[in-house]
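I have placed the structure first, in the form of structure tokens, so that the comments after it can refer back to it.
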Amino acid sequence: MEQNTSIVSIPKFQISYGTKILIKGIITGVLILVMLIPTIFIANLVSEREKRQKEVVAEVSNKWATSQTITGPYIVIPYNETTVDDKKNAVVIRKSVVILPETLNVQGNLLPEKRKRSIYTVLLYRSNLNAEGLFKPVIPSDINIENLLLNEARLCIGINDIKGIEEKVSINFNGKAYELTPGLPAGAINSTGLSCNAYITREGLNNESSFAFNLKIKGSEQLHFVPLAGNSSFALQSLWPNPSFEGNTLPTERTVSEKGFTAKWNFNKANLPFNTVIKEFNIKEESFAFGVSMVQPADQYAKTMRSVKYAILIIGLTFSLFFIIELMQKKPVHPVQYMLVGLALVIFYSLLLAFSEFIMFNNAYLIAAMATVSLISLYTKSHFASWKVAGVFALVLGLLYGFIFVLIQLEDTALLVGSIGLFAVLAIVMYASRNINWYNPSLGNPSTENA
């Protein structure tokens, strides 16, 4: 007895070539976004290392001396003022009047010092300042000279961190030397500083009083002054070649070279919002302070963070290049291989961060870029079995890292140069992919068929 057997064929679901390319393109795009996740951790690592550096700098600076702001000298004279309260009783109120110099001339120098702490370098300085000038007070008419407590008058110099004072400070006032001690009287402009008895007589109020002093002080990174005088001039010089002039007033004269810098500031009564005799000082001194900061020549953390921000450009263009060469070589690249290449691109930033903490940023960037380009190029050669393709990858990645390096160095023109560069890259990609048939490789180039 024969049995008839029949085989029923089930039609297979076939995906067209164009659909495969679309799916692969979507997967590649998703992988680009996925690879941006590790860059977030790299950015957090950069911030953490930068925070650690600031902590080390703050620790060393606090033990040495913080940034310094010098104010004065000025004289504080207390006086009694009689007023009438709500019950029409006479009440004596104690107030103070501040007398500023008529002229002030300050000259000084900055001697930079570098201190190593762990892997970090802390920038410190020593300063030698010489100041001289004249007081020529004119007591306001609404203050009775008889009410001035001249025996309590104090000659003051504001210094925000007295820990930085290296030697005893003496001031020559009217031909006599007086030692300044820590502490400021009530009514002084500053909260910390040095002072001494002013020894002013009523007859002396009508005469000029000369002064001169030398201040040897140390600090960290910044040295600022507050120009409390009718007419004043300040001159600084240093061997530090990278100054940053700060405050609302820039130097009237300055020279900066590899051998150091010199700077001069000049002020007069028309520049400043106060007189040389002040009953109530309500102006914040920080609003018109000026000075100089000794800037470190390279901030590796800021530059590394800027390079991380271009990660999507590096990863996106590299994956796009892999995708195009995959289509042209007709040799598929597995998503896992894309992930490995993406991890190599991310590790570049880790290498850059690690190397830049020990060597100059430019050298660290070159080493990290060469290592990453070499690794990806050799991996490309092993997959496509072609030194020519590996060479194309090495060239494109090298140019891409070079382009990013240029953008990192630029500041004001970074957007312009970056936009032009991206336009050029897009044009090159469009030109290189013009002959790819995205639907069916067996049909040839659609543009030639429609001709």
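Residues in the stretch 28-68 that are among the hydroxyl-bearing types (S, T, Y) and in contact with a helix residue (DSSP H, G or I) (Cβ under 9 Å, 6 or more places away or on another chain): T28, T39, S47, T66, S67.
Step by step: first the residues of the stretch 290-314, then only those that are within 16 Å of the chain's Cα centre (by Cα), at pLDDT below 85 and over 16 Å from R49 (Cβ atoms), then the one that is surrounded by the fewest Cβ atoms within 10 Å (Cβ to Cβ). Which residue is that? Applying the filter and picking the extreme gives P297. Does the stretch 251-261 contain at least one residue that is outside any loop (DSSP other than H, G, I, E, B) and touching a residue at least 24 places away in the same chain (Cβ under 8 Å)? Yes, some residue in the stretch 251-261 is outside any loop (DSSP other than H, G, I, E, B) and touching a residue at least 24 places away in the same chain (Cβ under 8 Å). Taking the conditions (1) touching a residue at least 60 places away in the same chain (Cβ under 8 Å); (2) crowded, with 20+ Cβ neighbours inside 10 Å in turn, M328 satisfies each one other than (2). Looking at the stretch 141-236, the strands (runs of 3 or more DSSP E) lying wholly inside it that each contain 2 or more residues that are in contact (Cβ under 8 Å) with a residue 24 or more places away in the chain and of a type in the set (K, R) sit at 209-220. Among the numbered conditions (1) within 30 Å of D142 (Cα to Cα); (2) exposed (fewer than 11 other Cβ atoms within 10 Å of the Cβ); (3) of a type outside the set (K, R), the only one that F281 does not meet is (2). Screening the stretch 173-223 for residues that are among the β-branched types (V, I, T) and surrounded by fewer than 21 Cβ atoms within 10 Å (Cβ to Cβ) and picking the one that is farthest from L134 (Cα to Cα) gives T192. If I filter the stretch 329-340 for residues that are more than 30 Å from L272 (Cβ to Cβ) and within 28 Å of the chain's Cα centre (by Cα), do I get at least one hit? No; the residues of the stretch 329-340 include none that is more than 30 Å from L272 (Cβ to Cβ) and within 28 Å of the chain's Cα centre (by Cα).
The values are calculated or read from the model by the stated rules, or taken from the named source; none is laboratory data. Nothing here was measured: the structure is a model prediction, and the numbers come from that model. All Cβ positions, even for glycine, are placed from backbone atoms using ideal geometry, and neighbour counts span all protein chains on display.
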